[in-house]
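Everything below concerns the one structure shown next.
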Amino acid sequence: MQAQPTLFVSHGAPTFAVEPGLAGPQLKALGERLPAPRAVLIVSPHWMTPGLSITASARPQTIHDFGGFPAELYALQYPVAGDPALAERIAALLRNAGYHADLDTERGLDHGAWVPMMHMFPEHQVPVLQLSLPMHISPEQTWALGQALAPLSQQGVLIVGSGSLTHNLYEFRQHGADEPYVKAFANWARQAVQTHDQEALVGYLEHAPQARRAHPTAEHYLPLLIAAGAAAPGAQVDVLDGGITHGVLSMDSYVFNAPAAH
């Protein structure tokens with residue numbers, strides 16, 4: 001099985017499912033040029049648990065974990081397969097690395113998982129498993145968790161951290177104009193990712209411009225550290241420039257060890 005890159009994707013608002021903007025076509029093109037993954041393991045901020053849990057359903061349900069959006073979003077389904085046997089192996093890998101990892105046979109995929117997968121693999125042809133994001137995990141611990149997952153890439157598993165490069169929910173609800181700080185934070189993150197500046201990325205609250213405004217809470221930023229931690233040291237990084245939606249959501253994504261374009 002061919003080795004896979006690792007990926008950070010900004011999933012934005014749930015409307016990204018039906019409003020692909022700049023980011024959707026780029027994710028679709030990426031899915032088409034990837035070597036066929038054995039499976040996807042995705043971490044989303046919309047499933048947080050005290051420890052680590054992994055979806056272990058053979059057919060994970062599509063969870064519509066949002067409210068107040070157009071009715072068409074609630075009709076969408078992403079009928080993808082899971083992989084219970086692989087979930088067991090991932091749990092064993094994590095336990096061997098010193099983590100407590102449970103299997104959840106009931107949990108489906110939240111919108112942080114299935115929405116970007118709809119763009120990448122619209123025929124739902126690649127099995128998808130979701131790993132929960134632990135509550136109260138620090139940025140340093142998040143990077144280390146990504147490192148613990150890294151061997152999966154060599155086994156054909158596409159590791160995806162799904163979050164949002166900027167995520168101020170209060171400002172999103174205000175429907176404000178484009179905010180300059182969003183571009184400033186996105187530019188900082190791009191440079192830090194491309195130069196593999198682990199210290200800056202982990203210490204983003206001290207290093208990044210207006211970090212607390214870009215991320216009043218950490219959960220949408222931490223998936224970036226999962227992807228960066230799981231990537232090979234010095235990996236080439238491709239930037240998928242997704243622009244800015246709703247004035248406050250940077251939709252940039254990063255592909256570590258990206259496959260060459262055809």
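What nm value, rounded to one decimal, do you get for the distance between His136 and Lys28 when each label is placed 7 Å out toward the C-beta?
Here the modelled spin labels are 4.4 nm apart.
Can you tell me the accessible area per residue over the chain, all protein chains present, probe 1.4 angstrom, in square angstrom? Can you show the working numbers first?
Working: 10830 Å² over 262 residues.
Here the residues of the chain average 41 Å² of exposed surface.
Assuming 0.36 nm per residue, please report the length gained on full extension of the stretch Gln210 to Gln236 beyond their Cα-Cα distance. Please report the intermediate quantities before stating the final value.
Values: separation 26, 0.36 × 26 = 9.36 nm, distance 2.70 nm.
So the extension gain works out to 6.7 nm.
What part of the accessible area of the chain, given as a whole %, is carbon or sulfur when the probe is 1.4 angstrom?
On the way: 5640 of 10830 Å².
Carbon-and-sulfur percentage of accessible area, whole number: 52.
Estimate the FRET efficiency between Ala58 and Gln125 by the formula 1/(1 + (r/R0)^6), using the beta-carbon distance for r and 22 Å for R0, to the nearest 0.05.
Given R0 = 22 Å and the Cβ-Cβ separation, E is 0.90.
If you stretched the chain out fully between Asn96 and His196, how much longer would it get, using 0.36 nm times the residue separation minus the C-alpha to C-alpha distance? If you can, show how the numbers build up before the last one.
On the way: separation 100, 0.36 × 100 = 36.00 nm, distance 2.68 nm.
Additional length available on full extension: 33.3 nm.
Using only the alpha carbons of the chain, what is the convex hull's orientation-averaged projected area in square nanometres? Show your work: numbers first, answer last.
Working: hull surface 50.1 nm².
Reported value for the Cα convex hull: 12.5 nm².
Per residue of the chain, what 222 nm ellipticity follows from adding -39500 (n - 2.57) for every DSSP H run with n ≥ 4, rounded to the nearest 500? Let's see the in-between values first.
Values: 12 runs with 97 residues, N = 262.
Roughly -10000 deg cm²/dmol at 222 nm, from the helical runs in the chain.
Given DSSP loops and a limit of at most 13 other Cβ atoms within 10 Å, what is the longest stretch of the chain that contains no such GluC sites (Glu not before Pro)? Numbers along the way, then the final one.
Numbers: sites that count: Glu106, Glu123.
By the stated rule (loop sites, at most 13 other Cβ atoms within 10 Å), 124-262.
Connecting C-alpha atoms closer than 10 Å in a GNM of the chain, tell me which of Ala85, Ala189, Ala75 has the biggest fluctuation.
Ala75
How far, in nm, would the chain grow between Gln147 and Thr217 when pulled straight, counting 0.36 nm per residue and subtracting the alpha carbon separation?
Details: separation 70, 0.36 × 70 = 25.20 nm, distance 2.29 nm.
Gain in length upon complete extension: 22.9 nm.
Of the beta bridges DSSP finds with both residues in the chain, what % are antiparallel, to the nearest 5? Walk me through the numbers before you get to the answer.
On the way: 10 of 31 bridges.
Given both bridge residues lie in the chain, the antiparallel proportion sits at roughly 30 percent.
Take Gln155 and Gln77, extend 7 Å from each Cα along the Cα→Cβ direction, and tell me the distance between the two endpoints in nm.
In this crude spin-label approximation the distance works out to 3.1 nm.
The values are calculated or read from the model by the stated rules, or taken from the named source; none is laboratory data. All of these numbers come straight from a predicted model, not from anything done at the bench. Counting neighbours? That spans all protein chains shown, and the Cβs are built from the backbone with ideal geometry, glycine included. Only protein heavy atoms, including side chains, enter the accessible area calculation; ligands, DNA and RNA are left aside. Shrake-Rupley method; radii C 1.70, N 1.55, O 1.52, S 1.80 Å.
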